[in-house]
Amino acid sequence: MRPAEVLARATDYLERHDVESPGPTAELLLASVLGTDRAALYTRSEGLSSAEARRFGRALCRRCTGTPVQHLTGVQGFRHLTLAVRAGVFVPRPETEIVAGIAIAMIAGRRSPVVVDVGTGAGPIALAIAAERPDARVIATDVSSEAIELAAENAERLGLVVDFRVGDLLDPVRNEHPDLIVGNPPYVRADELDDLPPVVRADPETALLEPPGLYGRLFRQSAQLLRTGGAVVVEIGETRSAEVGREAVAAGLTDVTTHPDLAGRDRVVSAVKP
Ligand SMILES: C[S@@+](CC[C@H](N)C(=O)[O-])C[C@H]1O[C@@H](n2cnc3c(N)ncnc32)[C@H](O)[C@@H]1O
């Protein structure tokens, strides 16, 4: 059977198991198994070997039982980058690309800015900034040493320089005076955790579950460390803009702004050190 026919059957199978985006998911999994890109699947006439067919079948089964597609392919795109991902570290989400975009816009007028990415995970924000602002000095922190290890591997593979440090929020950068602090902190409430779909629950709990007062602590530390006129940019849960904005004001920050995503949902708050 040619890959195009295999894909049609696999799409049907995923659809019957209520998997989101069955067509693109089948394409990503088959391209990963065959070590090719998605477009090539439609031009290849050679059938799958029995080993390839077995691997593809196993990947389809695991996706149907809740394994995220990124844990099966081992990669996730983020802005212009392709990042390695794996279980144990948060998989970067498309909505965070907007956070990185706003962060990059906020340092547009600053030469050789110092940037800190708090809670870097696999490193998407830090690495996107390092790639798009080669003059920036980028530092990234995370409490998870597993995350820092993966982010450092991504940096090395992409030939990008980021200074990775394990630690709580901005503790590892106490001696820095950044122009920009950016982050996508954990923002799921304890009572929301059980309702999350299996693909989201596949991420580590430290990456999802918001410890009480996390945004307030991050804003207070940011207000202490930022240079005058420096900015902090954070991703938020879509219902949280007013509350997170109040935390920023309470920390003494000004110009508190909520930024909507492409669907009009409030997903980012920025604020400036006066
Ligand atoms: C939602 S994930 C975001 C990861 C990455 N920035 C992204 O957007 O893909 C949150 C990250 O913050 C880290 N984290 C949680 N609490 C932290 C803390 N107190 N200090 C530093 N990092 C923390 C988690 O380990 C996780 O990697």
Where a residue in the stretch 101-124 is within 22 Å of Q224 (Cα to Cα) and assigned by TED's automatic domain parsing to the domain that holds A147 and its partner, wherever it lies, is away from the ligand (no atom under 13 Å from the Cβ) and basic (K, R), with Cβ under 6 Å and at least six apart
V114/R137
Which condition number in (1) under 19 Å from R93 (Cβ atoms); (2) out of contact with any Pro (no Cβ under 9 Å at 6 or more places or on another chain) is the one that A151 fails?
(2)
Subset of the stretch 10-28 that is part of a helix (DSSP H, G or I) and of a type in the set (A, V, I, L, M) - its residue that is nearest to G57 (Cα to Cα)
A10
All but one of (1) over 24 Å from the mean Cα position of the chain (by Cα); (2) within 26 Å of A202 (Cβ to Cβ); (3) surrounded by 19 or more Cβ atoms within 10 Å (Cβ to Cβ); (4) in contact (Cβ under 8 Å) with a residue 40 or more places away in the chain hold for L28; which doesn't?
(1)
Looking only at the stretch 173-216, how many residues end up being in contact with a Pro (Cβ under 7 Å, 6 or more places away or on another chain), assigned to a helix (DSSP H, G or I) and either farther than 23 Å from I148 by Cβ or away from the ligand (no atom under 12 Å from the Cβ) (or both)?
1
Going through the stretch 82-111 one residue at a time, which ones are part of a strand (DSSP E or B) and buried (at least 21 other Cβ atoms within 10 Å of the Cβ)?
L83
Only residues that are more than 7 Å from the ligand (Cβ to nearest atom) and either at pLDDT below 95 or buried (at least 24 other Cβ atoms within 10 Å of the Cβ) (or both): list them for the stretch 112-129, please.
V115, V116, G123, A126, L127, A128, I129
Given the criteria touching a residue at least 60 places away in the same chain (Cβ under 8 Å) and part of a loop (DSSP other than H, G, I, E, B), does R44 qualify?
no
If we keep only residues of the stretch 218-273 that are over 23 Å from the mean Cα position of the chain (by Cα) and of a type in the set (S, T, Y), then the residue surrounded by the fewest Cβ atoms within 10 Å (Cβ to Cβ) is T228
Looking across the stretch 229-256 at residues that are part of a strand (DSSP E or B) and hydrophobic (A, V, I, L, M, F, W, C), the single one that is nearest to N184 (Cα to Cα) is V234
Looking at (1) away from the ligand (no atom under 12 Å from the Cβ); (2) surrounded by fewer than 23 Cβ atoms within 10 Å (Cβ to Cβ); (3) not in a strand (DSSP E or B), which is the only condition I139 fails?
(3)
State whether one or more residues within the stretch 47-60 are of a type in the set (D, E) and either in the same structural domain as S32 (by TED's automatic domain parsing) or within 9 Å of the ligand (Cβ to nearest atom) (or both).
yes
Mind telling me which of the residues I181, I148 ends up being touching a Phe, Trp or Tyr at 6+ places or on another chain (Cβ under 7 Å) and β-branched (V, I, T)?
I148
Answer with yes or no whether L262 is outside any helix (DSSP H, G or I), within 12 Å of the ligand (Cβ to nearest atom) and either in contact with a helix residue (DSSP H, G or I) (Cβ under 8 Å, 6 or more places away or on another chain) or outside the structural domain of E95 (by TED's automatic domain parsing) (or both).
no
Testing F56 on (1) surrounded by fewer than 18 Cβ atoms within 10 Å (Cβ to Cβ); (2) touching a helix residue (DSSP H, G or I) at 6+ places or on another chain (Cβ under 7 Å); (3) in contact (Cβ under 8 Å) with a residue 24 or more places away in the chain, one condition comes back false. Which one is that?
(1)
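The values are calculated or read from the model by the stated rules, or taken from the named source; none is laboratory data. Since the model is a prediction, treat every value here as computed from it, not as a measurement. Note that each Cβ is placed from the backbone with ideal geometry, even for glycine, and that neighbours are counted across all protein chains shown.
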